[in-house]
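A.B. asks: Shown below is the structure under consideration.
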Amino acid sequence: MYGLINVAIRDLVTSQFSQAAWEEILAKSGAEETAFIRMEQNDDAVTYALVAAASEVLELSAEQVLEAFGEYWTLFTAEEGYGFMLDAAGSTLPEFLQNLDVLHTRVGTMYPGLKPPQFDCSNMTSNCLDLHYRSERDGLDPLVVGLIKGLGKRFNQSVTVEQTVAKSDSGKESVFHVSWE
Ligand code: HEM
């Protein structure tokens, strides 16, 4: 994944935990300096190693680390200068969730080798929908839960997320039931 992802993990740890915790995580992960150049692609294994090391050092489960990272992502990308892309993706939570693929297509114009996830919405009502998530990667479902919660904060909405299908069972996709007030 692009270095931008690894930079976000570093920023999350240094801003919400400590510099010392970050240095321990970095040492344990074995990640190289080049993994933190935003617009360079790295092996996905680097990101997974950072999550595993963060889980050990911060005494959180890998799922908790991924969820916290997902929540942080919207804030981080806004601060990194991608606010205009977030703004263009929608002014309400359901509109935004329907535009996630458009958003990543725009991101792909700046990050040419991007291998983005795919999202679809179904069963929409005025206060809920099912979000379908497909990726060539495994193990990132808790990241999606955190991302949705972070978007809830962006729209100042109280959001509930319940995973109803896991790709590890369906072999194809994960599904999240998202409801808001
Ligand atoms: C302007 C905001 C955003 C930017 C700049 C951005 C950029 C990226 C980048 C660079 C990657 C790594 C993929 C790669 O390197 O191949 C990625 C992955 C991902 N993005 Fe976004 N993204 C944004 C917003 C979002 C939002 C709001 C969601 C909410 C669901 C999301 C969901 C994901 C997921 C789940 C992945 C993990 C990759 C996978 O599942 O295969 N992104 N994004």
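The values are calculated or read from the model by the stated rules, or taken from the named source; none is laboratory data. Since this is a predicted model, take the numbers as computed values, not measurements. With ideal geometry, Cβ positions are generated from the backbone for all residues, glycine too; neighbour counts draw on all protein chains shown.
A.B. asks: Please return the ranges of helices (runs of 4 or more DSSP H) entirely within the stretch 38-124 where 3 or more residues are of a type in the set (D, E, K, R). Reasoning before the result, please.
C.D. replies: Working: elements: 44-58, 62-77, 83-88, 93-98, 100-110.
Hits in the stretch 38-124: 62-77.
A.B. asks: Give me the pairs, please: first residue somewhere in the stretch 114-129 and farther than 27 Å from ILE5 by Cα and touching a residue at least 24 places away in the same chain (Cβ under 8 Å), second residue anywhere and outside any loop (DSSP other than H, G, I, E, B) and charged (D, E, K, R), beta-carbon distance under 9 Å, and either six or more positions apart or on two chains.
C.D. replies: MET124/ASP130
A.B. asks: Tally time: how many residues in the stretch 125-141 are in a strand (DSSP E or B) and not hydroxyl-bearing (Ser, Thr, Tyr)?
C.D. replies: Applying the first criterion (in a strand (DSSP E or B)) to the stretch 125-141 yields 128-134.
Still in the list and also not hydroxyl-bearing (Ser, Thr, Tyr): 128-132, 134.
Residues meeting the conditions: 6.
A.B. asks: Within the group ALA78, ALA27, ALA21, which residue is hydrophobic (A, V, I, L, M, F, W, C), within 16 Å of the chain's Cα centre (by Cα) and modelled with pLDDT of 95 or more?
C.D. replies: Numbers: ALA27 fails: within 16 Å of the chain's Cα centre (by Cα); ALA21 fails: within 16 Å of the chain's Cα centre (by Cα).
Selected residue: ALA78, the only one of ALA78, ALA27, ALA21 that is hydrophobic (A, V, I, L, M, F, W, C), within 16 Å of the chain's Cα centre (by Cα) and modelled with pLDDT of 95 or more.
Residues are listed down the side, and each one gets a yes or a no for (1) touching a strand residue (DSSP E or B) at 6+ places or on another chain (Cβ under 6 Å); (2) near the ligand (Cβ under 10 Å from one of its atoms); (3) at positive phi:
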| residue | (1), (2), (3) |
| --- | --- |
| GLY70 | no, yes, no |
| THR77 | no, yes, no |
| ALA88 | no, yes, no |
| PHE96 | no, yes, no |
| ASN99 | no, yes, no |
| VAL102 | no, no, no |
| THR105 | no, no, no |
| TYR111 | yes, yes, no |
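A.B. asks: Also, I was wondering about something else. Check whether at least one residue in the stretch 132-151 is farther than 24 Å from ALA78 by Cα and away from the ligand (no atom under 13 Å from the Cβ), and report yes or no.
C.D. replies: No, that holds for no residue.
A.B. asks: Suppose we filter the stretch 140-181 for residues that are of a type in the set (Val, Ile, Thr), in contact with a Ser or Thr (Cβ under 6 Å, 6 or more places away or on another chain) and over 23 Å from VAL51 (Cβ atoms); how many remain?
C.D. replies: Here the count works out to 1.
A.B. asks: Taking the options ALA68, ALA45, ALA52, ALA35, name whichever one is small (Gly, Ala, Ser) and within 16 Å of GLY146 (Cα to Cα).
C.D. replies: On the way: ALA45 fails: within 16 Å of GLY146 (Cα to Cα); ALA52 fails: within 16 Å of GLY146 (Cα to Cα); ALA35 fails: within 16 Å of GLY146 (Cα to Cα).
Result of the check over ALA68, ALA45, ALA52, ALA35: ALA68.
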